[in-house]
Amino acid sequence: MASGRATQKDVAKAAGVSQATVSLVLSGGGAPSIPAETWARITKAAKELGYVPNRFAQALKTSRSMTIACIVPDITNPFYPSLIRGIQSVTDGLSYDVIAVNTDGSPERERHFLDWARQGRVDGVIGVFFTLRASDFSPLIEAGVPVVRIESSKKRGGEIAVDDIFVDSRAAAFAVTEYLIAQGHSRIAMVAGRGGPQGNRIEGYRTALANAGYEEHVVVDDEFSEIGGIRAAETILASEFRPTAIFAANDLMAIGVMQTLRERNIEIPEDIAVVGFDDISAAKLVTPTLTTVAQFQWQMGERAAHTLMERLRGTKTGAGTALEMPFDLIKRGSTQSP
């Protein structure tokens, strides 16, 4: 390191492997014969030495952009930055950059970014798609651009080589509603946005209520935000349905519900209990703290990135796969009195 800048030769010496092996690993090229332990040792050595790759030279040599696209519906929703950080925790060590793009859940924008990716702008795609089906990704797969989807319903994999990482939102919503019923609530309202995971979450809520023989009351707003939660809560309070609990399909809407209840001098949880979904950081900061469903989005991002890298390295081939991730009901002050 006489020049003060680490080279692949320096990394090879520190890792105890050949420079050719280091080149394969740090270029992000396909190298299925290299053991995972060797990959880890090389990337660790590169990080410790402060190795900085020549990205332009790599792109010319490998015909790769060394960039991954993360396509999400709402970059302002705190759920997604944590997901992206999980992806980056993997890609940073493999000399890949991550570009995050926002679709607003629009089918036109989702298709636009698929076309953009197919033009060779990125080497792979990880995304949350509200409107596209697995078959819509066929042109991307045929162009050699692997895709990993973050999904909210059960998946089984399929012939098209699209890999799915999913949390069963229906089961999670069912667990939330059963928890509220066990707490003594028989009049439980639900607020949700349009599209995306909301259908699965509403279905889980409805199934639990039907099993208990209780009436449902669902209010759907156009926005998944606090504003959507405020409007939905106002609609519920203006109706003849008198809930003792409100289940919001995401935490932002739940926070909007809580704001409306406070403005009406309705005590939480004594008068109306509130539950959200996602466990964003703000869920622990509101008063009372918000009961919600944790989806471990950092870990989801890590798993998605590892899966995508397996496709790029050639260690994963063939049909699409599906991996279920866990959820956890986090019980806090919005459903439990001190």
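The values are calculated or read from the model by the stated rules, or taken from the named source; none is laboratory data. Just so we're clear, the structure is a prediction, and the values are computed from it rather than from any experiment. Quick reminder, even Gly has a Cβ in these numbers, built from the backbone with ideal geometry, and neighbours come from all protein chains shown. We work out accessible area using only protein heavy atoms, side chains counted, and drop any ligands, DNA or RNA first. Shrake-Rupley method; radii C 1.70, N 1.55, O 1.52, S 1.80 Å.
Worth pointing out:
- Residue identified as open to solvent by 10 Å² or more (accessible area, probe 1.4 Å), of a type in the set (A, V, I, L, M, F, W, C) and closer than 16 Å to Gln295 by Cβ among Ala175, Ala161: Ala175
- Condition check for Arg264: surrounded by fewer than 20 Cβ atoms within 10 Å (Cβ to Cβ), of a type in the set (Lys, Arg) and closer than 21 Å to Ser153 by Cβ: no
- Residue-level analysis places Thr91 outside the set of residues that are on the phi < 0 side of the Ramachandran plot, open to solvent by 20 Å² or more (accessible area, probe 1.4 Å) and in contact (Cβ under 8 Å) with a residue 40 or more places away in the chain.
- Residue under evaluation Gly213, criteria (1) in contact with a Ser or Thr (Cβ under 7 Å, 6 or more places away or on another chain); (2) of a type outside the set (Val, Ile, Thr); (3) modelled with pLDDT of 95 or more, criterion not met: (1)
- Selected residue (only one of Ala245, Ala232, Ala189 is touching a Leu at 6+ places or on another chain (Cβ under 8 Å) and surrounded by 22 or more Cβ atoms within 10 Å (Cβ to Cβ)): Ala245
- The listed residue being surrounded by fewer than 16 Cβ atoms within 10 Å (Cβ to Cβ), closer than 25 Å to Glu178 by Cβ and in contact (Cβ under 8 Å) with a residue 24 or more places away in the chain, out of Pro326, Pro288: Pro326
- Considering residues of the stretch 140-155 that are among the charged types (D, E, K, R) and buried (at least 16 other Cβ atoms within 10 Å of the Cβ) only, the residue farthest from the chain's Cα centre (by Cα): Lys155
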